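Bear in mind that the values in this text are calculations on the coordinates, not laboratory data. None of the values given here were measured: they were computed from a predicted structure. Cβ coordinates were reconstructed from backbone atoms using ideal geometry, including for glycine residues, and neighbour counts include every protein chain displayed.
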Protein chains: 2
Amino acid sequence: MQQRVRVQNFTVSADGYATGEGQSLERPFGHADPAELMRWGLATKSWPGRTDAGGSRGLDDYFIRDFSHGIGAEIMGRNKFGPQRGPWPDHGWLGWWGDTPPFHTPVFVLTHHERPSFALADTTFHFLEASPADAVGRAAAAANGLDVRVGGGPTTIRSFVDADVVDEMHIVVAPITLGAGVRFWDDPSEFDDRFHHESVPSASGVTHHILWRRDS
Amino acid sequence: MQQRVRVQNFTVSADGYATGEGQSLERPFGHADPAELMRWGLATKSWPGRTDAGGSRGLDDYFIRDFSHGIGAEIMGRNKFGPQRGPWPDHGWLGWWGDTPPFHTPVFVLTHHERPSFALADTTFHFLEASPADAVGRAAAAANGLDVRVGGGPTTIRSFVDADVVDEMHIVVAPITLGAGVRFWDDPSEFDDRFHHESVPSASGVTHHILWRRDS
């Protein structure tokens, strides 16, 4: 089986922003409210960490529960990992996700600043400075034959798409506008020269965009 | 985690038939052509046994590759298992699926006629006469905590739905008419009193109906 590089459940506003302005410790998505962006996923039965009963088992739930299937490693940008910029002041920051990160695989954090690897439950974080192609090579080697997820944020995913190392993308357009922030795309059709593209409306109000390489 | 009883990827014609008239060894679906009914699945990258390159990675592929996720046992009617009727003439018939059945779990075949269990690769077939509730109990106990699939055919699935032991259904309506055969439903809305129901059109021309119990 061929290993693929995939983007999953990556959610943007109707005007194409994946995160707001002014990321900080208190506001990981800046002025954007992640609960609004991710409302479609939070409403599903399979949302990680759901403790209350209920939750949709409809179309959105298929995407949420597909998150970990066949994935052996994740690559993320430093801004997804934390709010710090520049050299690491210390190694106390272990990510946003508490004691049990939802990855359960090796995670490769792209950064210009060295830091030792560490493990948290069954997730291991590695830090590296690498081109998209080299990062994919590292992650694929650690993925035990499974696929590699490019997890975000928007700048990281764009750089991997622009380097032509992404095989599949699932991008969710939420029915909200943000007006400013970090934009992922101007228009959902802008990759159609290189990717097959299906857009599927969901009862929750989001539209699921599924893209896969034309040459795959 | 609560075990669920699920129907997956079960495909019917636009006029509600899941199989044609006159099932035989040569025509497992009677006058219906299974390649036409299942065209949507056969065109996906993840179709079991696909040997050629290509294949869609769009919406239909999500459903096909979800088939085995979280499933620990299958229940099927005797007509899904084979074309024989009445007492087993011998035990030579091992199902339609060759040396490697696509189930990879225990399979419980409902029949009024006793037959010893047998294993084929990582699938084990058991034969039992049981009510839907009792069959679900047996399969759930063998499912290692995972969900139970009710695999078909249409008469079996209907009897389980009518006995109110099915939690979720994914029914695919293909854009063909059969005119006769074994009908699954008169109308996709006929379970809406008991099930939430989303219908999702796919680029392939089929419509995915996703139903889950209102009280779940």
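In the protein assembly as shown, the DSSP-assigned H stretches of four residues or longer account for a calculated mean residue ellipticity at 222 nm of -4500 deg cm²/dmol, using -39500 (n - 2.57) per stretch and the full residue count as denominator. Translational diffusion of the protein assembly as shown, estimated by Stokes-Einstein from the Kirkwood radius over alpha carbon pairs at 20 °C in a medium of 1.002 mPa s, is 91 µm² per second.
Using a 7 Å projection from Cα along Cα-to-Cβ, the label point at A:D186 is separated from the same position in the remaining copies by 5.5 nm, smallest value first. Computed over region A:43-130, the alpha-carbon pair-distance distribution with 5 angstrom bins reads 3, 13, 20, 21, 16, 12, 9, 5, 2, each value a whole percent. Residue order for A:L25, B:L110, A:L94, fewest other beta carbons within 10 angstrom first, comes to A:L25, A:L94, B:L110. In a reduced charge model with +1 at each Lys and Arg Cβ and -1 at each Asp and Glu Cβ, the protein assembly as shown shows a dipole moment near 600 debye about its Cα centre.
Would you please name the GluC sites (Glu not before Pro) within region A:1-90 that are DSSP coil residues with at most 11 other C-beta atoms within 10 Å of their C-beta?
Working: sites: A:E21, A:E26, A:E36, A:E74; in loops: A:E21, A:E26.
Sites meeting the loop and neighbour criteria: A:E26.
The same position B:R85 in the other copies lies at 7.7 nm from this copy, comparing label points 7 Å beyond Cα toward the beta-carbon, shortest first. The ellipsoid that matches the Cα gyration tensor of chain A has semi-axes, each √(5λ) in whole angstrom, of 25, 21, 19, with the longest given first. For region A:14-56, rounded, prolate or oblate, judged on the Cα gyration tensor with a ≥ b ≥ c (square roots of eigenvalues), a/c < 1.5 rounded, else prolate if a/b > b/c? Judged from the Cα gyration tensor, region A:14-56 comes out oblate (a/c at least 1.5, b/c at or above a/b). Each other copy places its own label point for B:A163 at 5.5 nm from this one, sorted shortest first, where the point lies 7 Å along the Cα-to-beta carbon line. Our note on the geometry: Cα centres of region B:43-71 and region B:137-216, 19 Å apart. Sorted from greatest to least, the principal axis extents spanned by the alpha carbons of region A:101-166 come out as 33, 28, 20 Å.
Per residue, the convex hull spanned by the alpha carbons of region B:113-216 comes to 156 Å³. Counting only chymotrypsin sites (Phe, Trp or Tyr not before Pro) that DSSP places in a loop and that have at most 16 other Cβ atoms within 10 Å, the longest clean stretch of chain A runs over A:98-216. Just checking the listed ones, B:V12, B:V165, B:V200: in the Gaussian network model of chain B with Cα springs under 10 Å, the one fluctuating most is B:V200.
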